[in-house]
Amino acid sequence: GAGVSQSPSNKVTEKGKDVELRCDPISGHTALYWYRQRLGQGLEFLIYFQGNSAPDKSGLPSDRFSAERTGESVSTLTIQRTQQEDSAVYLCASSFEGTRSFDEQFFGPGTRLTVL
Amino acid sequence: DAKTTQPNSMESNEEEPVHLPCNHSTISGTDYIHWYRQLPSQGPEYVIHGLTSNVNNRMASLAIAEDRKSSTLILHRATLRDAAVYYCILKSTGKLIFGQGTTLQVKP
């Protein structure tokens, strides 16, 4: 079946503009995650959705970052008033059930965001 | 979240076994040990996970110390395609907390 898909694959924007990044998780997966990876760095957790529960937003770096998820399907990560330090690859992942310690996460290919 | 310690880098020769160590002395009883790897310019991919017993799958083996304070990912015959950053992660629920991982270089 189809894996996690993300769009766009690349996004170049000017400082101060808003951007929206989209993630389509694997069908049937109740959990969805966003991570960020700056050049040459490890992955940073941003936000986690589990079913109808309130999302874990503990990794969002500032109030310029927000995310929504429609039911158990697509998610959108929005960055308002982008700054150059927001330049990174934004990775989405999904898993069948996020509350179980043994569930693996399946990652999408990422969106490379460049803020000029 | 419990932390793990891994060597920054390791080298291996092609077709030889590779043992990637991970220390996690503060692991709790409910934490699973997960390994992911990230090939160049790709998102991470799941490799293997375990709780207490050693585990094998088609990609690798995971050896877990009896006290669970350390583990070792074993690639039985390294190939050039195994060159990647390998992450050892302790997972209870929800998010994965990635460290810097071990960069594995495989020499032909």
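If you sort B:LYS95, A:LYS15, B:LYS107, B:LYS69 by accessible surface, 1.4 Å probe, largest first, the order is A:LYS15, B:LYS69, B:LYS107, B:LYS95.
Rolling a 1.4 Å probe over the protein heavy atoms leaves B:ASP31 with an accessible area of roughly 10 Å². A P(r) calculated from all alpha carbon pairs of the stretch B:33-89, with 10 Å bins opening at zero, reads 24, 54, 20, 2 percent. Inverting the pair-averaged 1/r between distinct Cα atoms of the stretch B:17-66 gives 12.2 Å as its Kirkwood hydrodynamic radius. When the alpha carbon gyration tensor of chain B is reduced to an equivalent ellipsoid, the three semi-axes, largest first, read 22, 15, 12 Å.
Partners of B:LYS107 within straight-line reach, counting aspartates and glutamates whose Cα lies under 20 Å from its Cα and excluding those fewer than 8 residues away in the same chain: B:GLU11, B:GLU14, B:GLU15, B:GLU16, B:ASP82. Rolling a 1.4 angstrom probe over the protein heavy atoms with all chains in place gives chain A an accessible area of 48 Å² per residue.
When you restrict to C-alpha pairs under 8 Å that are six or more residues apart and normalise by the size of the stretch A:41-81, the relative contact order lands at 29 percent. Springs join every pair of Cα atoms under 10 Å in this Gaussian network model of chain B, and among B:GLY94, B:GLY50, B:GLY29 the largest mean-square fluctuation is at B:GLY94.
Taking every Cα-Cα distance in chain A and sorting them into 5 Å bins starting at zero, the pair-distance distribution P(r) comes out as 2, 13, 23, 26, 19, 10, 5, 1, 0 percent.
Pairwise Cα separations in the protein assembly as shown fall into 10 Å bins from 0 onward with the following percentages, short to long: 8, 33, 34, 20, 5, 0. Note on chain A: with a GNM built from Cα contacts shorter than 10 Å, the maximum mean-square fluctuation among A:ARG22, A:ARG64, A:ARG100 falls on A:ARG100. Under the convention that each Lys and Arg Cβ holds +1 and each Asp and Glu Cβ holds -1, the size of the dipole of chain B around its Cα centre is about 220 debye. Remark: relative contact order (chain B) = 37 percent; criterion is Cα-Cα distance under 8 angstrom and separation of 6 or more residues.
The values are calculated or read from the model by the stated rules, or taken from the named source; none is laboratory data. Remember, predicted model here, so these are calculated numbers, not experimental data. Glycine also receives a Cβ, built like all others from the backbone with ideal geometry; neighbour counts cover every protein chain displayed. All accessible areas refer to the heavy atoms of the entire protein, side chains included, with ligands and DNA or RNA removed. Shrake-Rupley method; radii C 1.70, N 1.55, O 1.52, S 1.80 Å.
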